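A short worksheet on the structure shown next.
The values are calculated or read from the model by the stated rules, or taken from the named source; none is laboratory data. What you see is a predicted model; the values in this text were computed from it and never measured. Glycine also receives a Cβ, built like all others from the backbone with ideal geometry; neighbour counts cover every protein chain displayed. Heavy atoms of the whole protein, side chains included, go into the accessibility calculation; ligands, DNA and RNA do not. Shrake-Rupley method; radii C 1.70, N 1.55, O 1.52, S 1.80 Å.
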Amino acid sequence: MAFRKFLPMFDRVLVERFTPETVTKGGIMLPEKAQSKVLQATVVAVGPGSRNVKGNLLPVSVTVGESVLLPEYGGTKISLDDKDYFLFRDGDILGKYVE
């Protein structure tokens with residue numbers, strides 16, 4: 001509930017990355033160095049959007065609760081209530097998962 005205290009500005013999106021797999025399907029425990037970086041996250045909060053040259057508001061393309069694909073590098077790490085979140089621009093998000 002810490003994200004209720006934090007509202008991203010402009011076209012920023014606050015996401016929470018999924019936790020990496022620590023055990024394989026066969027039951028083998030993976031050390032931290034062997035775990036791959038998780039590129040999938042859930043959108044926690046979004047800003048109102050950015051403005052174009054004419055001053056019109058361009059809304060953010062994702063909504064709260066959607067699962068998105070993130071780039072391998074980038075984003076700003078933010079700690080709220082002992083949990084790690086990442087802040088990305090709307091244009092940096094590679095795509096969203098649909099059901």
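Distance between the modelled labels on Glu21 and Arg51, one decimal in nanometres: 4.7 nm (7 Å Cα→Cβ projection).
A convex hull fitted to the Cα coordinates of the chain yields 125 cubic angstrom per residue. Loop-located trypsin sites (Lys or Arg not before Pro) across the range 33-99 with a Cβ neighbour count of 14 or fewer within 10 Å are Lys37, Lys54, with loop assigned by DSSP. Cross-linked pairs Lys54/Lys96; Lys37/Lys96; Lys5/Lys54; Lys5/Lys83: Cα-Cα separations exceed 25 Å for Lys54/Lys96; Lys5/Lys54.
What accessible area per residue, rounded to a whole number of Å², is obtained for the chain using a probe radius of 1.4 Å? Intermediate values should be presented prior to the final figure.
On the way: 7170 Å² over 99 residues.
Each residue of the chain exposes 72 Å² on average to a 1.4 Å probe.
Close amide-amide hydrogen proximity is noted between Leu39 and no other residue 5 or more places distant or on a separate chain, at a cut-off under 5 Å (H modeled in the peptide plane; Pro and chain starts excluded). Near Lys77, which aspartates and glutamates are there with a Cα under 18 Å away, not counting those fewer than 8 places off in the same chain? Cross-link targets: Asp11, Glu16, Asp90, Asp92.
Nonpolar atom fraction for the chain, defined as the carbon and sulfur part of the 1.4 Å probe accessible area, stands at 56 percent.
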